[in-house]
Amino acid sequence: MQSIDPFIRQCQEIIGTDYVYISDADKEPYLIDWGKRFVGSAKAVLKPKSTQEVAALVKLCQTHDISIVPQGGNTGLCGGATPDNSGNSVVISTARLNAIRNIDLENSAITVEAGVILSHAQEASVAAGKLFPLSLAAEGSCTIGGNLATNAGGIQVLHYGNMRDLTLGLEVVTPSGEIFNGLRSLRKDNTGYALKDLYVGSEGTLGIITAATLKLYPLPRSKATALVGLTSIESAIEFIELSRVACNANLTAFELISTRALSLIPKTTKNFDSLLNTASGWAVLLEFSSMEDGVKSQSHMETLLSEAFESDLITDAIIANSIQQSKDLWSIRESIPEAQLRLGTIIKHDISLPISALPSFIASTGMQLEKHYPNAHTIIFGHLGDGNLHYNLAPNSPELSGWIEENRTSINQLIHDEVYRYSGSFSAEHGIGQSKKDELPLRKSVVEIELMRTIKKALDPKNIMNPGKIL
Ligand code: FAD
């Protein structure tokens, strides 16, 4: 009979045999990323149920010099949750850290464990009469811990902010296995370094987030949603400004979608043919949230759109007349990330730019790509309200996937050089993970990189937390 590795046996003693996956079949889904670009190996996949169990596992890994890859919903887009190929790692999955610990209505706060699925946190908040506003297409499977570790953004950042802005307090297991309990619901707390801000966006390299206290907001009474065709990309900039000031409601989403991206969604189910013919090639999905009733919100939207028509900013519009129609419009936007995968290998970019620079960036980068990579075309969509574009390049036919993959590095360089020429960032909301690690030192100053290395070395001198990610 084969003897069990002492490390594995001790893991089993801490969390129970059922939650230590060691067979290839059990481990397989945890060793490949969502985009199927990164594959790794691991000694085991561990599924602790409590913060204390996480802490005990981390201490054990320290003793045995085994590195740890934290994993939530595994929807990250930079390979951050995939181990390397050394086989000297464990994946610690937060799937069983899934309790909603507390909803504090008077302080407008919710405390959830790291493995709570984002949509479950949203639903629990709604059931308590409040809104947790983080919203993104992967919300049915990504987790609060992953959202925190990547400082996730999504579609409502322009009004409510990103995950960092929504975080009041954190509970973290440090790389040495200590529990840092910072679960506070204070809006003001200037007591030294803001440790929670260090952990938000740290992609599992500084510790394992086990729980968080997050901000809740009043539930809007109504929403108004519309998908509109733009007269030009430049109009988008004027249109967002008009939308911000137009009416007595909050502009909570403003998503840019190229008609090329729209054309990937099956037309049979959605009635948006007219927008596909928008001459400029650009559409916007916008949404207001309001404390007024639905009739008033709808009329605000109509007033805004007629003003935009008169100002020659938009050409066409579909206004949702029911909650179902609004959901249908959103499902168009949310289907794009998956729909584009049918085109073959996609070179994805998650960039941000000053909003004013977007039209010039799009024009100049598009021209250069056409010149150097005529066998590819762009699929552009994104959170225009935050200056954040998913600026993706697809091969003209799936058979050209090999060709586009061979050119990945030079395509990235061309696009990111343009991004920096316009004072932007090459990673707006998805993080660095392993896919953008090599480029980070080229895009950040030596001083910034050294500060990051100093922090990492101080907190994790043995480099056991998610090695090979970010730095
Ligand atoms: P994972 O993929 O499991 O992990 C991501 C990173 O966080 C890894 O580095 C991992 O090690 C670390 N990590 C996970 N849990 C913890 C923890 N408890 N403690 C410490 N580190 C941890 N992102 C956006 O920001 N905006 C979008 O609009 C958006 N849209 C998306 C749409 C689709 C269809 C998909 C597939 C992804 C999208 N993403 C978006 C990216 C992704 O959903 C987010 O990055 C999400 O926040 C990741 O959560 P997760 O639980 O899946 O994390």
Next item on the list: Can you tell me how much longer the chain between R244 and S274 gets when fully stretched, taken as 0.36 nm per residue apart minus their C-alpha distance, in nm with one decimal?
Entry: 8.2 nm
Checklist line | Contact order normalised by residue count of the stretch 1-61, Cα under 8 Å, 6+ apart, percent | finding: 38 percent
Checklist line | Computed label-point distance, nm, for sites D104 and S41 using a 7 Å Cα→Cβ extension | finding: 4.7 nm
Notebook entry, point to check: Which links in K36/K444; K47/K437; K196/K436; K130/K437; K196/K296; K196/K348 stretch past 31 Å when you go from one Cα to the other?
Noted result: K130/K437; K196/K296
Margin query: Please give me, ordered by residue number, the GluC sites (Glu not before Pro) of the stretch 54-160 that lie in loop per DSSP and have at most 13 other Cβ atoms within 10 Å.
Written below: E106
Next item on the list: Scan around L131 for amide H atoms under 5 Å from its own, H built in the peptide plane at 1.01 Å from N, and keep only partners 5 or more places away or cross-chain.
Entry: Y217, L219
Next item on the list: Give a residue-ordered list of calculated ³J(HN,Hα) values for the stretch 454-471 (Karplus: 6.51 cos²θ - 1.76 cosθ + 1.60, θ = phi - 60°; whole Hz; x for Gly, Pro).
Entry: 4, 5, 4, 5, 5, 8, 9, x, 8, 6, 8, 8, 6, x, x, 10, 6, 9
Next item on the list: Rounded to the nearest 0.05, what FRET efficiency do T63 and D18 give with R0 = 25 Å and r taken as the Cβ-Cβ distance? Could you check?
Entry: 0.60
Next item on the list: For the stretch 412-422, just list the computed ³J(HN,Hα) in residue order, Karplus coefficients 6.51, -1.76 and 1.60, θ = phi - 60°, integers in Hz, with x standing in for Gly and Pro.
Entry: 4, 5, 4, 5, 5, 4, 5, 4, 6, 4, 9
Notebook entry, point to check: Which FRET efficiency, nearest 0.05, do N321 and N463 yield, Cβ-Cβ r, R0 51 Å?
Noted result: 0.35
Note to self: Classify the stretch 318-424 from the C-alpha gyration tensor, please: rounded if a/c falls under 1.5, else prolate or oblate depending on whether a/b exceeds b/c.
What the structure shows: oblate
Next item on the list: Note down the relative contact order for the stretch 319-412 as a percent, whole number, built from C-alpha pairs under 8 angstrom at least six residues apart.
Entry: 35 percent
Next item on the list: Check each of the trypsin sites (Lys or Arg not before Pro) in the stretch 1-104 and keep only those in coil by DSSP with at most 11 other C-beta atoms within 10 angstrom; list them in order.
Entry: K36
Notebook entry, point to check: For the stretch 179-185, what does the Karplus curve 6.51 cos²θ - 1.76 cosθ + 1.60, with θ = phi - 60°, yield as ³J(HN,Hα) per residue in whole Hz, taken in order and with x for Gly and Pro?
Noted result: 9, 9, 9, x, 7, 10, 10
Item checked: Taking the chain and dividing mean pair separation by its residue count, relative contact order in percent (alpha carbons under 8 Å, at least six apart) -> 15 percent
Notebook entry, point to check: Using modelled backbone amide H atoms (1.01 Å from N, in-plane), which distant-in-sequence or interchain residues come within less than 5 Å of S427's amide H?
Noted result: S352
Next item on the list: Please work out the Cα center distance from the stretch 407-471 to the stretch 278-318, rounded to the nearest Å.
Entry: 38 Å
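A short reminder: the numbers here are calculations on the coordinates, not readings from a lab. Every value quoted in this text rests on a predicted model; they were computed, and no experiment measured them. Every residue, glycine among them, receives a Cβ derived from its backbone with ideal geometry; neighbour counts consider all protein chains shown.
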